[in-house]
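Working notes for the structure below.
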Amino acid sequence: MSDDVKCGCGCNDHEHDDDIMETMTLTLEDDTELECGVIGVFEVDGLEYIALLPENDDTVLIYEYKENGDDIELSLIEDDDVFEKVSNTFNEIWEDDSCDCDE
């Protein structure tokens, strides 16, 4: 399994000097909009997933992530075993908040 990690800006580092996180707006089923910071995009078993952090909340949201040209498609992870595997991978990648990418 490859754990290629791309932050929302497309680099391979999830921590930046300017501490500005790219954001995206989710439209929920009830048509309310939720502004989220993009923690990063990562791969598990050949599929890409995105980790989002809603404003004023500390609960990370994880969705399957697909790019179709200029459009981004997010899908719920409905299989409990897949969700657990993806969540565990996310936790492994981001368990250490510090990243020494200048080494």
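Values in this text are rule-based calculations from the coordinates and carry no lab data. Please read all numbers here as calculations on a predicted model, not as lab measurements. Methodologically, a virtual Cβ is constructed for each residue, glycine included, from the backbone with ideal geometry; neighbour enumeration extends over all protein chains shown.
Go through 80-87, 49-56 and give me the packing order, highest mean Cβ count within 10 Å leading.
Going from most to least packed, we get 49-56, 80-87.
How much length is gained if the chain between Thr23 and Glu84 is pulled fully straight, taking 0.36 nm per residue apart and subtracting their Cα-Cα distance, in nm to one decimal?
19.5 nm
Residue by residue through the range 45-54, which ³J(HN,Hα) values in whole Hz follow from phi under the Karplus form 6.51 cos²θ - 1.76 cosθ + 1.60 (θ = phi - 60°), with glycine and proline marked x?
With coefficients 6.51, -1.76 and 1.60, one gets 6, x, 10, 9, 10, 10, 10, 10, 10, x Hz.
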